[in-house]
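The values are calculated or read from the model by the stated rules, or taken from the named source; none is laboratory data. Small disclaimer: the values here were computed from a predicted structure and weren't measured. Cβ: placed from backbone, ideal geometry, glycine included. Neighbour counts: every protein chain shown. These accessible areas exclude ligands, DNA and RNA; they are computed on the full protein's heavy atoms, side chains included. Shrake-Rupley method; radii C 1.70, N 1.55, O 1.52, S 1.80 Å.
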Amino acid sequence: MNEELFQEDAYLKQCEAVVSTVDEQTGSFTVTRTNFYPTGGGQPGDTGVAFDSSDREIRITDTQRNRATGFIDHFVEIPSQLPQVGDDLYMEIDWERRHRLMRIHSCLHLLCAVIPGRVTGAQVYDGRGRVDFDTAEPFEKNQLSYSLNLLVQQNAECRILSYSMSELNQNPGLLDSLSVPVPPVEGQVRLIHFDGIDIQPCGGTHVANTEEIGRVKVTKIESKGKHNRRISVVLDD
Ligand SMILES: [Zn+2]
């Protein structure tokens, strides 16, 4: 069992879990359930802390999905502090950092609604982020900032939808409206819908409504080739 609590509740700051496996080689461990988001979809993995039943503090400096097992590895700062299999843990993410990541990540979804072009890449950092679009159009920083902030102020709700591939294929209108193509997955596709603004497949963590993103500013527009515009944005408060 490796329950991924952040999938349903991006606001879960703490959780209780039991250690499933420990890897001394990499200095990491897995748990029965976790609120720590692993690096993926352009969003960095969570950092935070775990406490064992003796109130011993274990600092977690990175979270990654293990390619071989598919489980979520929590990397500790000091390998000698690794917990043991079967230990009970109280896990706490660095919420301030995660919330900034959620705000920027959500803002990048709004950017997809503002720019008419296929997304070819995206990266979220703490307090800033960027998206690459397949487009040759020129853009203007202040105009993009203005458009983004208008969308933020719409206070549009974020909903998580789940579709099977066959449901999606029966719904070509929905498929056409996605900002990024559906990744080749089996089973269910997780779609993130900012009401009336943007819908796309995404596995990351998002704010509950756009107003929570706060004021944002487009800082850079770069041409990375003829048909590529890289747009960089920061939290502006
Ligand atoms: Zn997303």
Using the alpha-carbon atoms, what tilt in degrees (0 to 90, nearest 10) does helix 95-114 show relative to the longest principal axis of the chain?
-> 30 degrees
Out of Ala68, Gly48, Met91 - ranked by how far each Cα lies towards the positive end of the dipole of the range 3-93, with unit charges on the beta-carbon of charged residues - the top one is Ala68
Computed magnitude of the charge dipole of the range 3-93 (debye, nearest 20; Cβ of K, R +1, Cβ of D, E -1) | 260 debye
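Just check the range 98-235 against the gyration tensor rule for me: Cα atoms, a ≥ b ≥ c as the square roots of the eigenvalues, rounded for a/c under 1.5, and otherwise prolate or oblate depending on whether a/b exceeds b/c. Numbers along the way, then the final one.
On the way: a/c = 1.84, a/b = 1.31, b/c = 1.40.
Oblate, because a/c is 1.5 or more while a/b does not exceed b/c.
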Any chance you could run the full-extension gain for Ser53 through Asn66? It's 0.36 nm times the residue separation minus the Cα-Cα distance, nm to one decimal.
-> 2.0 nm
Under 12 Å from Lys224, Cα to Cα: aspartates and glutamates that are on another chain or at least 8 residues apart | Asp132, Asp134
In Å², rounded to a whole number, the accessible area per residue of the chain with probe 1.4 Å is 50 Å²
Excluding ligands, DNA and RNA, the carbon-plus-sulfur percentage of the accessible area of the range 98-235 with a 1.4 Å probe reads 48 percent
Subtract the Cα-Cα distance of Gln14 and Asp236 from 0.36 nm times their separation in residues, and report this length gain in nm to one decimal.
-> 77.1 nm
For the residue pair Asn142 and Asn169, what label-to-label distance in nm results when each label sits 7 Å from Cα along the Cα-to-beta-carbon direction?
-> 5.1 nm
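Hey, can you rank 169-176, 114-121 by average C-beta count inside 10 Å, highest first?
Top of the packing list down: 114-121, 169-176.
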Working from Cα positions, state the angle (0 to 90°, nearest 10) between the long axis of helix 141-153 and the longest principal axis of the chain.
-> 60 degrees
Express the relative contact order of the chain as a whole percentage, based on alpha carbon pairs under 8 Å and six or more residues apart in sequence.
-> 19 percent
Straight-line reach from Lys226: which lysines have Cα under 21 Å away, leaving out those fewer than 8 places along the same chain?
-> Lys141
So, in nm, how far is label Ile197 from label Asp134 when the simple model puts each one 7 Å beyond its Cα toward the Cβ?
-> 2.5 nm
Distance from the range 198-236 to the range 135-161 (C-alpha centre basis), Å | 8 Å
